[in-house]
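Read-outs throughout are calculated quantities, based only on the coordinates presented, and are distinct from any laboratory measurement. Treat the numbers as computed from the prediction; the structure is a model and nothing was measured. Counting neighbours? That spans all protein chains shown, and the Cβs are built from the backbone with ideal geometry, glycine included.
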Amino acid sequence: MIKVSLKDGSILEVEEGSSILDVAKKISEGLARVATCGEINGAIKDLRYEIQDDCNLVIHTFNDDDLEGKKAYWHTTSHIMAQAVKRLFPDVKFAIGPSIDEGFYYDFDVENPFTDEDKAKIEEEMKKIIKEDIEIERFSLPKNEALKLMDGQIYKQELIEELPEGEEISFYKQGDFTDLCAGPHLMSTGKVKSVKILSSSGAYWRGSEKNKMLQRIYAISFPKASMLEEHLQFLEEAKQRDHRKIGKDLDIFMTHPLVGAGLPMYLPNGATIRRILERYIQDKELSLGYDHVYTPSLANVDLYKTSGHWDHYKEDMFPVMKMENEEMVLRPMNCPHHMLVYKNKMHSYRDLPIRIGELAHDFRYESSGSVCGLERVRQMCQNDAHLFVRPDQIKEEVGKVLQLIVEVYQKDFNFPAEAFQYRLSLRDKNNKEKYIDNDEMWNTAESQLREILTELEIPFYEAEGEAAFYGPKIDIQIKTALNHDVTIPTCQLDFALPERFELEYVGEDGEKHRPVVIHRAILGSSDRFISFLLEETKGFLPTWLAPTQVKILPITDNQHEYAYKIKEELVKEGIRVEVDDRNEKTGYKIREAQLSKVPYMLVVGAKEVEENTVAVRSRESAENQTMKVEGFVKNIKDEIANKKK
């Protein structure tokens with residue numbers, strides 16, 4: 001007998017050689033029915049896996065909070081899809097078919113791209129395979145036999161060739177289909193209940209443009225039809241929230257192949273949003289004692305060799321440009337420049353903290369396949385700042401940064417507090433070559449951030465491997481309307497760059513001391529923040545941030561003069577306003593303004609001209625409210641000043 005320690009702390013005694021599924025049945029038949037895979041001492045295993053020694057065991061199901069149970073379920077469904085494609089397209093060559101965070105895909109080498117009709121047939125065939133409830137078997141072969149089994153499957157053979165000699169090469173067989181795979185998988189195809197093919201696209205083998213273009217099919221599966229229906233509704237909601245669609249509909253930004261991938265261009269509406277955001281955060285920073293600077297987007301390679309970015313970040317930087325006797329590169333971030341700004345003169349301990357902020361253009365070498373609208377770009381505008389502090393000021397200054405984050409996100413933008421989680425991002429102790437090599441520095445910095453969060457009574461969790469290469473950080477994880485975890489604001493503690501740049505200040509004792517640097521970003525990049533904001537609000541931006549705050553709609557030509565008079569008054573009050581004087585029906589104009597998501601419409605007809613009033617209609621209400629122009633101006637200015645809605 002062997003002892004199996006379960007997640008709840010209990011211990012089961014089972015016979016040596018019992019499978020994970022046997023253990024699940026011993027716990028309960030209900031658990032066995034929904035189990036998808038197991039985790040033995042931290043390693044994910046098949047339900048078929050036979051336990052030989054005492055161990056810790058976690059049994060995963062589709063409904064677990066983590067993804068392991070879902071991934072086993074989706075991985076099995078990817079094989080079902082591959083089997084369906086094999087039945088319909090016998091000459092197909094298979095590449096890979098992994099599970100991903102939201103379903104799975106499989107890459108196929110076929111003669112022609114899949115049509116909508118093809119995908120419908122594949123989905124129907126998948127449903128047949130599920131009904132057949134084919135048993136799934138696992139077996140392994142030595143390398144030479146594995147290559148023979150995959151004869152003609154060039155992509156599988158390429159993967160096998162790369163495996164070390166003597167390594168177990170596992171396969172999964174379900175009826176007439178066998179695939180090279182490490183697993184885990186469900187026990188039979190009938191365990192899958194509802195499937196849906198979502199989309200298809202081209203994909204280079206191994207992501208390299210030098211390789212052949214394959215056909216990728218994305219799909220999803222669930223244990224219940226109701227779960228699939230709910231997911232499809234979520235995807236429809238996601239389409240409506242896609243910032244690329246909203247950006248196009250509201251004329252916020254555009255892209256063009258002549259400019260290049262990952263290089264969006266802001267149209268007037270987008271430029272207005274960005275300008276207001278950038279002024280807003282700069283004014284916040286000025287009120288908190290920040291000094292703003294402008295530094296070049298280009299620098300000598302030696303700057304990044306000094307900072308350490310060249311060793312730890314080179315792959316994400318654009319190639320070097322040789323200019324006369326210098327090697328120049330587009331900067332990926334601003335901290336090295338700000339180190340030199342600080343070093344420009346000697347500072348006293350009385351001068352600190354020194355807070356240097358900048359809205360700076362940075363450049364990242366993103367692949368064309370990874371860029372996405374404003375969310376992931378090759379040139380970004382960072383709301384960046386670096387705080388140069390004495391060691392005794394760390395706690396207070398980090399606390400102020402966290403307070404600023406709360407004020408911006410929860411007060412001014414009204415995001416709910418429960419959408420925020422604080423993550424203490426630490427280095428990966430098993431992969432130290434990714435980081436500045438200084439154990440004492442890392443231990444000090446990590447413990448200080450942990451202490452600050454604890455003393456401020458901020459709930460947090462820790463994540464190894466998420467630190468910057470130069471130091472640990474506090475990342476604020478935001479749960480978006482699309483249920484994604486994103487990091488936008490961040491606060492990082494850095495003992496390394498002050499050392500590398502030999503930064504100093506004169507202490508109270510008259511001796512020279514090393515400052516500590518706090519890196520912080522509040523809005524992150526303007527581009528990513530705008531994409532996030534558009535998706536959170538569906539483009540219904542708060543009045544203070546809307547590109548056009550008011551649209552005046554004269555009913556007939558007779559009210560044009562009055563409409564422009566009102567516009568002039570509103571413009572003087574700093575309100576962004578347009579007049580729609582087209583020869584169209586009022587209902588049509590209202591509908592157009594609603595589609596443009598303008599916060600307020602002022603409808604003016606003969607009665608309004610006579611009484612010197614406006615009929616106010618908000619985008620949230622179909623009711624008109626008649627009021628004096630000065631009353632409307634007072635209300636909207638109050639709304640803008642207090643950042644309501």
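For the reader, a short list of remarks on this structure follows.
- Among the GluC sites (Glu not before Pro) in the stretch 583-639, those placed in a DSSP loop whose Cβ has at most 11 other Cβ atoms within 10 Å are 620, 623.
- Calculated on C-alpha atoms, the gyration radius of the stretch 33-112 divided by its Kirkwood radius gives an Rg/Rh of 1.09.
- Candidate cross-link partners of residue 248 among the lysines, defined by an alpha-carbon separation under 18 Å and a same-chain spacing of 8 or more, comprise 239, 538, 597.
- Semi-axes of the equivalent ellipsoid for the chain, computed as √(5λ) from the eigenvalues of its C-alpha gyration tensor and ordered from largest down, come to 49, 38, 25 Å.
- Spatial separation of Cα centroids for the stretch 576-606 and the stretch 55-132, in angstrom: 50 Å
- Label-point gap, in nm, between residue 124 and residue 595 - each point 7 angstrom along Cα→Cβ: 3.7 nm
- Placing unit charges on each Cβ (+1 for Lys and Arg, -1 for Asp and Glu) gives the chain a dipole about its Cα centre, and among 389, 184, 548 the Cα reaching farthest toward its positive end belongs to 548.
- Over the chain, relative contact order from alpha-carbon pairs under 8 Å, at least 6 apart, %: 9 percent
- Gain in span if fully extended, residue 230 to residue 456, counting 0.36 nm per residue against the direct Cα distance: 77.4 nm
- FRET efficiency for the pair residue 346 and residue 7, taken as 1/(1 + (r/R0)^6) with r the Cβ-Cβ distance and R0 = 60 Å, rounds to 0.55.
- The calculated 222 nm mean residue ellipticity attributable to helices in the chain amounts to -10500 deg cm²/dmol, summing -39500 (n - 2.57) over DSSP H runs of n ≥ 4 and dividing by all residues.
- Qualifying lysines (Cα of each under 26 Å from Cα of residue 512; at least 8 residues distant if same chain): 305, 343, 345, 395
- Modelled FRET efficiency - R0 60 Å, residue 161 with residue 275, Cβ distances, 0.05 increments: 0.60
- Taking all Cα pairs closer than 8 Å and separated by 6 or more residues, the relative contact order of the stretch 69-232 comes to 28 percent.
- Amide H to amide H, with H built 1.01 Å from N, residue 308 comes under 5 Å of no residue 5 or more places away or on another chain.
- Karplus (6.51, -1.76, 1.60) ³J(HN,Hα), θ = phi - 60°, over the stretch 225-234, in Hz, Gly and Pro reported as x: 4, 5, 5, 5, 4, 4, 5, 5, 5, 4
- Protection proxy ranking, highest mean first, for peptides 468-478, 184-194, 100-110: 468-478, 184-194, 100-110, where packing is the per-residue count of other beta-carbon atoms within 10 Å, averaged.
- Residues whose amide H lies under 5 Å from that of residue 45, counting only those 5 or more places away or on a different chain, are 38, 39, 40; hydrogens are built 1.01 Å from N in the peptide plane.
- Put simply, when 446-453, 365-372 are sorted by average Cβ atoms within 10 angstrom per residue, most first, you get 446-453, 365-372.
- Euclidean distance of C-alpha centroids, the stretch 398-445 and the stretch 297-329, integer Å: 27 Å
- Computed Kirkwood radius, in angstrom, where 1/r is averaged over Cα pairs of the stretch 265-537: 19.5 Å
- Computed FRET value (nearest 0.05) for residue 52 with residue 300, which takes r as the C-beta separation and R₀ as 56 Å: 0.40
- Whole-Hz Karplus values for the stretch 262-273 come out as x, 10, x, 10, 7, 7, x, 4, x, 4, 5, 4 Hz, taken residue by residue from phi with 6.51 cos²θ - 1.76 cosθ + 1.60 and θ = phi - 60°; glycine and proline positions read x.
- One Cα centroid belongs to the stretch 362-390, the other to the stretch 199-264; the line between them spans 21 Å.
- Overall, the stretch 550-641 carries a charge dipole of about 280 debye about its Cα centre when +1 sits on the Cβ of Lys and Arg and -1 on the Cβ of Asp and Glu, all other atoms neutral.
- The stretch 69-232: C-alpha gyration tensor shape, a/c 1.5 cut-off, then a/b vs b/c: oblate
- With an a/c value under 1.5 for the gyration tensor axes a ≥ b ≥ c computed over the alpha-carbon atoms, the stretch 2-61 is described as rounded.
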